[in-house]
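Here's the structure, in structure tokens; my notes come after.
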Amino acid sequence: MIRIVSLIASATEIVDALGQFDFLVGRSHECDFPAAVASLPVCTRPAIPVSGDSREIDSLVKDRLREAISVYEVFTDVLERLQPTHIITQTQCEVCAVSLKDVEAALAAGLASNPQIVPLHPNALADVWDDIRRVARALGIAGRGEANVEELQGRMCAISRHALSHRERPSVACIEWIEPLMAAGNWVPELVEMAGGVNLFGEAGKHSPWMSWEQLVAADPEVIVVMPCGWDPARTAPEMHWLTDRPEWARLRAVRNGRVHLTDGNQYFNRPGPRLVESLEILATILHPL
């Protein structure tokens, strides 16, 4: 019997999209979709307080990484009790979610179930499709994985074709962290281009880069999309003062024209899984409103 523990929210969504939700026996503290996953045992927790503002969280994370200490804790006792056959983790970012290194450290003593570790590598959109295939192969349903990828790609192509039918190509700054400023990288630049925009910061397939306030002012984007990693709009709104308190803010084109958008980065843009289709749809609507 397959017993899956997902230690990354996007992997939980992949497992669900593949029709394997009933085989999930454990989850990370961040896994919250679909809603039924909340009933599963939690196998991780953040090792730092996450209630502070964006500057405080950034400082705590950097301190731990400088000391080569993980940002997350894995509950080996829970894993031992769950006896998983598969543990899904990721290698993309040590800050965003439990990493392969974290899992390997937790399993150093060995689990009786000797689970297969399935590491995901979502650096760009093509990698997300490969990750879906990778999970499907590990679970013995390769054909279902390929069908799922084709269906998601088809939906994305339809959204993109409609978005690209508009003549307007607004310049876009996607902000993944507020203080200090970080632009969205990885798959987000691809989504912006597919949605009919011109991405100003961050490169497809590369980690999200730090950026300066001066760079944002100089670029003067037509649209600003705020999508902090792991935060929803309600968590983001109180942090906007880091931007709005600056004297140049009101002079930016996006601000003058009412084209600053707070989005749910946690549920959509930061999750390299099936709901990137919905993320593209959100971007297309932002860039080309009815």
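For the peptides 15-28, 140-153, the ranking by mean Cβ contacts within 10 Å, running from highest to lowest, is 15-28, 140-153. Restricting attention to the chain, close to 20% of DSSP beta bridges with both partner residues there are antiparallel.
Projecting the Cα atoms of GLY265, VAL277, LEU290 onto the charge dipole of region 227-290 (Cβ charges, centred on the Cα centre) puts LEU290 farthest toward the positive pole. Using alpha-carbon positions, what is the distance between the centroids of region 39-93 and region 229-259, in Å? Centre-to-centre (Cα) distance: 29 Å. Across region 222-281, Cα pairs under 8 Å and at least six residues apart give a relative contact order of 49 percent. Split the accessible area of region 7-76 by element, probe 1.4 Å, and carbon with sulfur accounts for 54%. Available extension along the chain between LEU111 and ARG251 is 44.6 nm, counting 0.36 nm per residue and deducting the alpha carbon span.
In deg cm²/dmol and to the nearest 500, what is the mean residue ellipticity at 222 nm of the chain if only DSSP H runs of at least 4 residues count, each as -39500 (n - 2.57), divided by the residue total? Show your work: numbers first, answer last.
Numbers: 12 runs with 111 residues, N = 290.
Taken over the chain, the calculation gives -11000 deg cm²/dmol.
How many percent of the accessible area of region 196-290 is carbon or sulfur, using a 1.4 Å probe? Of all accessible area on region 196-290, carbon and sulfur atoms account for 53 percent. Legend: translational diffusion of the chain by Stokes-Einstein, Rh = Kirkwood radius over C-alpha pairs, 20 °C, 1.002 mPa s; D = 108 µm²/s. Taking label points 7 Å from Cα along the Cα-to-Cβ direction, ALA234 and ARG45 give a separation of 2.2 nm. Between GLU168 and ASP53, the FRET efficiency from the beta-carbon distance, with R0 = 45 Å, is close to 0.80. Most tightly packed first, judged by the mean number of other beta-carbon atoms within 10 Å of their residues, the peptides 275-288, 236-249, 194-207, 72-85 read 275-288, 194-207, 72-85, 236-249. Based on protein heavy atoms only, the chain ends up with 44 Å² per residue of surface accessible to a 1.4 Å probe. Tell me the label-point distance for the pair ARG155, SER212, using the 7 Å Cα-to-Cβ offset, in nm and rounded to one decimal. In this crude label model, ARG155 to SER212 measures out at 4.2 nm. The antiparallel fraction among DSSP beta bridges confined to region 1-94 stands at about 30%.
The values are calculated or read from the model by the stated rules, or taken from the named source; none is laboratory data. Predicted model only: the values in this text are computed from it and were never measured. Positions of Cβ are generated from backbone atoms using ideal geometry, with glycine treated the same way; all protein chains shown enter the neighbour counts. Heavy atoms of the whole protein, side chains included, go into the accessibility calculation; ligands, DNA and RNA do not. Shrake-Rupley method; radii C 1.70, N 1.55, O 1.52, S 1.80 Å.
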